[in-house]
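These notes are about the structure you will find just below.
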Protein chains: 2
Amino acid sequence: MELSAESPPGARRPARQAASPLEAHLGYWLRLVSNEVSRAFARTLQKQNISVAEWVAINQLAAGAGLTPARLAATMGMTRGAISKVLDKLDSKRLISRSPSPLDSRVQLLSLTGQARRILPQLTSIADDNDRHFFAALGANEKAALRNLLRKLAGVHQITRIPVE
Amino acid sequence: MELSAESPPGARRPARQAASPLEAHLGYWLRLVSNEVSRAFARTLQKQNISVAEWVAINQLAAGAGLTPARLAATMGMTRGAISKVLDKLDSKRLISRSPSPLDSRVQLLSLTGQARRILPQLTSIADDNDRHFFAALGANEKAALRNLLRKLAGVHQITRIPVE
DNA sequence: TATTGTTATACTCTATAACTATA
DNA sequence: TATAGTTATAGAGTATAACAATA
């Protein structure tokens, strides 16, 4: 048995309980490992005074110029209100600039500043190093297998929201 | 128009931008998938008015009686202050009880109430169903492979902190 | 003095919804 | 009316540190 819940109150408790059933779930192991990678990454990134959400936003802007807050919010799975604050932070750090679209002045066009482009390689290095270090224990085949399994799950469940936590 | 954003005014847009390097990282895929599993689980659990942290605490108490707040905090990777609030919530829901240890009255012994033991199977079902549904796309061998890869990483990095987010 | 658990405070992140300005 | 972005408010979650009771 796995749950003492199955023993009625007042019953004698088994000498040694079975391990918690948490570990029976793949989702548990996924979260356990994922949290550690993300935690380490977030901590290192924080030394540069950058949050993970900010880093993702910078990355998206670097990958394709001319994003708008609304599109960025959709990509990152955040509300417009939330993205607005992320952009405020980036703005105050002089890492992005916002300019009204000439076609529709309600719309803002986002772009990275020169400063952001200068620190981007450094931030990318942090991400690369973190990933390399964490998965160094796996061989090339294992890494490929893990990647394929995760991509398969992402594909099946149509997950597109970029993780920012 | 959807978004003039796609073409920055005046700028020649590259024929096709390279994909964001985010996807190059295994940690990215891990987080992407893990977030989805956890999000779905947390949402279903929330319908029972239980947070993930509360669920983990209930599980730990079910697995081995006689835990104390301090030990639970260590297991869950939280501070004593944070665990105190989790226990307050569980207490207010009549799911746990706290009683002073006869050996050291500073110490509290935690135990589940009958009510908690009654709903535990239901909560476990939620976790089981969530896991089963999410990983149904994988065959038995794939699940085993994924589990082994994750356990290997957890072992190498000595990850023990139970994820509660 | 040290330890257990609690509490006060603050901070981060996020969502909801009201608000403005454009369209 | 509808949309883009901002802001006000609130809530969850957590950390830090001060605190009371006990050892």
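Averaged over the residues of B:147-158, the number of partner chain Cβ atoms lying within 10 Å of the residue Cβ comes to 6.
When a/c is below 1.5 the answer is rounded, else prolate if a/b is larger than b/c, else oblate, so apply that to the protein assembly as shown with a ≥ b ≥ c taken from the square roots of the Cα gyration tensor eigenvalues. Because a/c hits 1.5 or more and a/b exceeds b/c, the protein assembly as shown counts as prolate. Within a straight-line Cα-Cα reach of under 23 Å, A:Lys93 can be paired with the following lysines, leaving aside sequence neighbours fewer than 8 residues apart in one chain: A:Lys47, A:Lys85. Per-residue mean of foreign Cβ neighbours for A:106-118 is 1 (Cβ atoms of other chains, 10 Å radius).
Between this copy and the others, label points of B:Asn148 are 1.4 nm apart in ascending order, each placed 7 angstrom from Cα in the Cβ direction. Distances, shortest first, from the label point of B:Gly64 to those at the same position in the other copies read 5.1 nm; the point lies 7 Å along Cα to C-beta. For chain A, rounded, prolate or oblate, judged on the Cα gyration tensor with a ≥ b ≥ c (square roots of eigenvalues), a/c < 1.5 rounded, else prolate if a/b > b/c? The shape class here is prolate. Is the stretch B:76-165 rounded, prolate or oblate when judged by the Cα gyration tensor, a ≥ b ≥ c being the square roots of its eigenvalues, rounded requiring a/c under 1.5 and prolate requiring a/b larger than b/c? It comes out oblate by the Cα gyration axes. Radius of gyration over Kirkwood radius for the stretch B:114-165, both on Cα atoms: the Rg/Rh ratio is 1.09.
Taking a span of 15 Å or more along the helix axis (Cα atoms) and a mean Kyte-Doolittle hydropathy of at least 0.0 as the rule, the DSSP H helices of chain B that qualify are B:26-46, B:52-63. Here the label points at A:Asn148 and B:Val156, each 7 Å from Cα along the C-beta direction, are separated by 1.9 nm in the simple model.
Straight-line cross-link reach from B:Lys143 at under 13 Å between alpha-carbon atoms covers these aspartates and glutamates, not counting any fewer than eight positions away in the same chain: B:Asp131.
Using the average count of surrounding beta-carbon atoms within 10 Å as a protection proxy, the listed peptides B:102-109, B:69-76 rank, highest first, as B:69-76, B:102-109.
None of the figures in this text is laboratory data; all of them are computed from the coordinates on show. Since the structure is predicted, the reported quantities are computational estimates derived from the model, not experimental observations. Cβ: placed from backbone, ideal geometry, glycine included. Neighbour counts: every protein chain shown.
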